[in-house]
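Student: One structure, as structure tokens, below. Some questions next.
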Amino acid sequence: MKATIALTPGDGIGPEVVHEARLVLEAVAQKSGHEFRFTEHLLGGCAIDKYGTALPADTLAAARASDAVLLGAVGGPKWDDPQAPVRPEQGLLAIRKELGLYANLRPVRPYPSLARLSPLKPERVAGVDFLVIRELTGGLYFGTPKGRTMTPEGERAVDTLVYTEGEIRRIVLLAFQLAQQRRKLVTSVDKANVLESSRLWRKVAGEVGRQFPDVKLEHQLVDSCAMRLITHAPQFDVIVTENMFGDILTDEAAVLAGSLGLLPSASLGEGRRGLYEPIHGSAPDIAGRGIANPTGTILSAALLLRHSLGLESEARTVEGAVTAALEAGCHTADLGAAQPLTTVQMGAAIRARL
Ligand code: IPM
Ligand code: MG
């Protein structure tokens, strides 16, 4: 097959890890006779430096013209000034919204050989295999009114948590469809004891659930879910939740896997086009040193093969190569290796096992 993949390496360690993922995709293309064309674009802080905007129009146009976007990470101390008129993160939020990518899939399946990395006891992590589906284009991140005003009592800031029935229905529907291919349990996470938007969420989740008699639905409050992720994580199969709850719970869930550097994500909408990115950030403290772990980005490339290009067996090949490399003891510094591999060496170790 032929496909166009838009790369937005972004800031910090983004370019280093995206480069390794690209090499993996190139190796896959060569082995399987596919033709992948790569284009590269600015997004985030690097785009602010050059154009004064975090999502330049030609980056968005290229993303729309592509089959998939592979993103590194955005942000860094250079652009962190709270007074700054634009922030790198706005570019990420804008591209998600513009491409209509409302579903963010974050699979969490720790590698047994890395269990020692988790601060949790091994028995809390053994058998963990769940998928968080985070709503990505609604909720507190996008609701209006939003902003700051001056009042006689001082400044006032407002963010709005808003969801429509339609926005809830499509994401919960996806959760049930994916649960059908898994262990058939959906945990819908909300704060229905306090928030009106959560009471609507719970009602709609229940309605969707009745269309799937073979899938069990449970509702859980976000605070107790945060606790259960630490105490009983193996119980989860598919977790579906609103934007900000999902943001927070997935960083927490990454602790189960032992390193943020390992986890991939896929952001999907109605069509096949998706945006793929590791869940870690731009790690400015280690940027440019060649020690970042490219695994989360390479696994994101595997999700790209699966969801946007429909290449399931190639996706599995990449995931298998990652597992084999990790089991063989190929570890970067974040995995606590005594003799850590560099970013480039880790990429090569994975490619060698394709
Ligand atoms: C994530 C990140 C982003 C988010 C930031 C960088 C805007 O934390 O992808 O989880 O909050 O969505
Ligand atoms: Mg986050």
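The values are calculated or read from the model by the stated rules, or taken from the named source; none is laboratory data. In this text, all values refer to a predicted model and were calculated from it rather than measured experimentally. No Cβ is skipped: glycine too gets one built from the backbone with ideal geometry, and neighbour counts run over all protein chains shown. For the accessible areas, the whole protein counts, side chains as well, though only heavy atoms, and no ligand, DNA or RNA atoms are used. Shrake-Rupley method; radii C 1.70, N 1.55, O 1.52, S 1.80 Å.
Student: I'm trying to understand the selection: among the residues of region 48-93, which are within 23 Å of Leu262 (Cα to Cα) and more than 16 Å from ligand 2 (Cβ to nearest atom)?
Tutor: Residues satisfying the conditions are Ala68, Val69, Leu70.
Student: Here are some residues: Leu249, Leu221. Which one is away from ligand 1 (no atom under 15 Å from the Cβ), assigned by TED's automatic domain parsing to the domain that holds Leu140 and not small (Gly, Ala, Ser)?
Tutor: None of the other options fit; the residue is Leu221.
Student: List pairs: first in region 267-294 and over 20 Å from Pro77 (Cα atoms) and small (Gly, Ala, Ser), second open to solvent by less than 20 Å² (accessible area, probe 1.4 Å) and within 13 Å of ligand 2 (Cβ to nearest atom), Cβ under 8 Å, 6+ apart or cross-chain?
Tutor: Every condition considered, the pairs that remain are Ser267/Arg96; Ser267/Asn104; Ser267/Leu136; Ser267/Glu277; Gly274/Ser267.
Rundown of residues vs (1) open to solvent by 20 Å² or more (accessible area, probe 1.4 Å); (2) touching a Phe, Trp or Tyr at 6+ places or on another chain (Cβ under 9 Å); (3) more than 16 Å from ligand 2 (Cβ to nearest atom), yes/no style:
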| site | (1), (2), (3) |
| --- | --- |
| Leu185 | yes, yes, yes |
| Ser188 | no, yes, yes |
| Lys191 | yes, yes, yes |
| Val194 | yes, no, yes |
| Trp201 | no, yes, yes |
| Pro234 | yes, yes, yes |
| Glu242 | no, yes, no |
| Phe245 | yes, no, no |
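Student: Condition test on Ala302, is it of a type in the set (A, V, I, L, M, F, W, C) and closer than 27 Å to Arg37 by Cα?
Tutor: The answer is yes for Ala302.
Student: Any residue at all in region 94-106 that is part of a helix (DSSP H, G or I), crowded, with 19+ Cβ neighbours inside 10 Å and within 16 Å of ligand 2 (Cβ to nearest atom)?
Tutor: yes
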